[in-house]
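Below: one structure, written as structure tokens.
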Amino acid sequence: MKKCLALLPLLFSCVICIAQPNIGLTVSPGFSFTRTTYQPSDDSQVSKGDMAFRAKFGLEIDFPITETYAFSTGILFAPKKISVVASDFDQITTSIINQKEEYKAQYLQIPATLKLFTSEIQPDLRLFFQLGFMGEILLYDQAFDKDYIMIEKFRFFDFSFTGGIGVEYGAEINTRLYAGVFYDRGLVNVVRDQNDDLAADLSIRMDMLHLKVGVKF
């Protein structure tokens, strides 16, 4: 098994050399936020917290299929923030008590998407549409404060839909610049273990709206 894993980088390099893909460097600043579902039988509530500015970056690899289609993959480092607000009604003071908890998480993303390019709208400039999915592996997670106990453990993986529209400028045959607006929508509840004091199952899915910019060689 270890020998097979050691051969994977060599196999990947051979595939790249044979397929002659376009390899690019990309960075995607944007806003990370969550969708939270919590349906208790009592007066307690858990809702999403604040969104956070984050930037993911890495390699993007396009394998041309035709002049207008390409299969795009890569490997990206994606930091995220999970923010939730717990609310409960205090019968003594007849007031709402709010408690916000925040966690940071870092993922390794491996996208599998399809790109559709249009004809040139200006000399050396064309639009592209990109749709697909991303597998995500959790590299690291930590609560911002040691007293945050609502979420005890996150799942080691996530799976997201990703889609967007952008433009690509290619004045040089071997060098192209591109930029686009993208939306990543999490499909998996990232909470594995939660605090037993919660009155219902807590479901959190992570999204990101970001501006992707990059250069391909």
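Data for the structure
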| quantity | calculated |
| --- | --- |
| Theoretical FRET efficiency, 1/(1+(r/R0)^6), r = Cβ-Cβ of Ile65 and Ala179, R0 25 Å, to 0.05 | 0.65 |
| Nearby lysines by direct alpha-carbon distance to Lys56 (threshold 16 angstrom, same-chain neighbours under 8 apart not counted) | Lys80, Lys81, Lys104, Lys212 |
| When segment 24-216 is reduced to its Cα atoms, the Kirkwood hydrodynamic radius in Å | 18.3 |
| Base-10 log of normalised Debye intensity for segment 116-198 (one unit scatterer per alpha-carbon) at q = 0.16, 0.19 Å⁻¹ | -0.75, -0.88 |
| Computed FRET value (nearest 0.05) for Phe161 with Ile121, which takes r as the C-beta separation and R₀ as 30 Å | 0.65 |
| Most to least packed among 177-184, 206-213 [average Cβ atoms within 10 Å] | 206-213, 177-184 |
| Separation of the Asp145 and Lys100 label points, Cα + 7 Å toward Cβ, nm | 1.1 |
| Qualifying GluC sites (Glu not before Pro) in segment 136-217, DSSP loop, other Cβ atoms within 10 Å at most 11 | Glu172 |
| Environment charge of Thr26, counting only residues whose C-beta is closer than 15 Å and scoring Lys/Arg +1, Asp/Glu -1 | +2 |
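Taken together, the values in this text are just the output of simple stated rules run on the coordinates, not laboratory data. Remember, it's a predicted structure, so these values are computed and weren't measured experimentally. In this analysis, Cβ positions are derived from the backbone assuming ideal geometry, glycine residues included, and neighbour counts consider all displayed protein chains.
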